[in-house]
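Heads up, the thing below is written out as structure tokens.
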């Protein structure tokens with residue numbers, strides 16, 4: 001705000017002209033981590049973001065009473081790991097999680113019954129402590145092949161029955 005001329009001021013109270021900054025230099029998109037494309041980057045440990053993933057956690061908890069656990073497996077760890085897989089599937093398909101995503105995840109890992117013994121032996125150390133370990137959950141979700149994300153729970157169940165679960169997971 002300007003000061004009126006009729007008000008007596010000392011020299012230090014007068015408005016001083018502001019320092020003009022030079023215009024900025026040209027900016028180039030050349031930083032190493034700059035995202036150039038308008039697509040979500042993919043790769044190990046990058047995750048998959050999607051809408052309303054918190055609702056997916058509620059859906060994942062609905063299976064707690066139906067889980068077929070072996071000795072040494074915790075329902076809390078299984079829910080956390082399968083939630084990560086189901087959320088990845090939903091985000092890959094571009095939508096919020098639905099109950100079929102969680103059913104798909106539990107079926108894929110054999111927690112709804114009918115898991116081959118070699119799958120059970122392989123999944124146990126992978127799921128151990130997943131409830132408290134974010135990177136462990138990322139490892140579980142990243143162990144699923146991209147082709148498997150497009151299968152229905154019934155197709156996954158058929159593959160488990162045939163013993164071809166290694167084609168669904170990165171072993």
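Below is a table of values for the structure above.
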| quantity | calculated |
| --- | --- |
| Candidates 72, 129, filtered to the one that is surrounded by fewer than 21 Cβ atoms within 10 Å (Cβ to Cβ), more than 21 Å from residue 161 (Cβ to Cβ) and modelled with pLDDT under 95 | 72 |
| Helices (runs of 4 or more DSSP H) contained entirely in region 108-171, each with at least 1 residues that are within 21 Å of residue 49 (Cα to Cα) and out of contact with any helix residue (DSSP H, G or I) (no Cβ under 7 Å at 6 or more places or on another chain) | 134-142 |
| Cβ-Cβ under 7 Å pairs, at least 6 apart or on other chains, region 150-165 side at positive phi and without any contact (Cβ under 8 Å) to a residue 24 or more places away in the chain, far side exposed (fewer than 12 other Cβ atoms within 10 Å of the Cβ) and not in a helix (DSSP H, G or I) | none |
| Near pairs, Cβ below 8 angstrom, 6+ apart or cross-chain, from region 27-46 (farther than 26 Å from residue 134 by Cα) to any residue that is modelled with pLDDT under 75 and in a loop (DSSP other than H, G, I, E, B) | 29/36 |
| Test: residue in region 9-21 that is farther than 30 Å from residue 114 by Cβ, within 27 Å of the chain's Cα centre (by Cα) and surrounded by 10 or more Cβ atoms within 10 Å (Cβ to Cβ) | no |
| Output for region 62-98, where each listed residue is over 17 Å from the mean Cα position of the chain (by Cα) and part of a helix (DSSP H, G or I) | 64, 65, 66, 75, 76 |
| Unmet requirement for residue 151, which otherwise passes all of (1) crowded, with 17+ Cβ neighbours inside 10 Å; (2) closer than 24 Å to residue 41 by Cα; (3) within 16 Å of the chain's Cα centre (by Cα) | (3) |
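The values are calculated or read from the model by the stated rules, or taken from the named source; none is laboratory data. In this text the structure is predicted, and so the values were computed from the model without any measurement. All Cβ positions, even for glycine, are placed from backbone atoms using ideal geometry, and neighbour counts span all protein chains on display.
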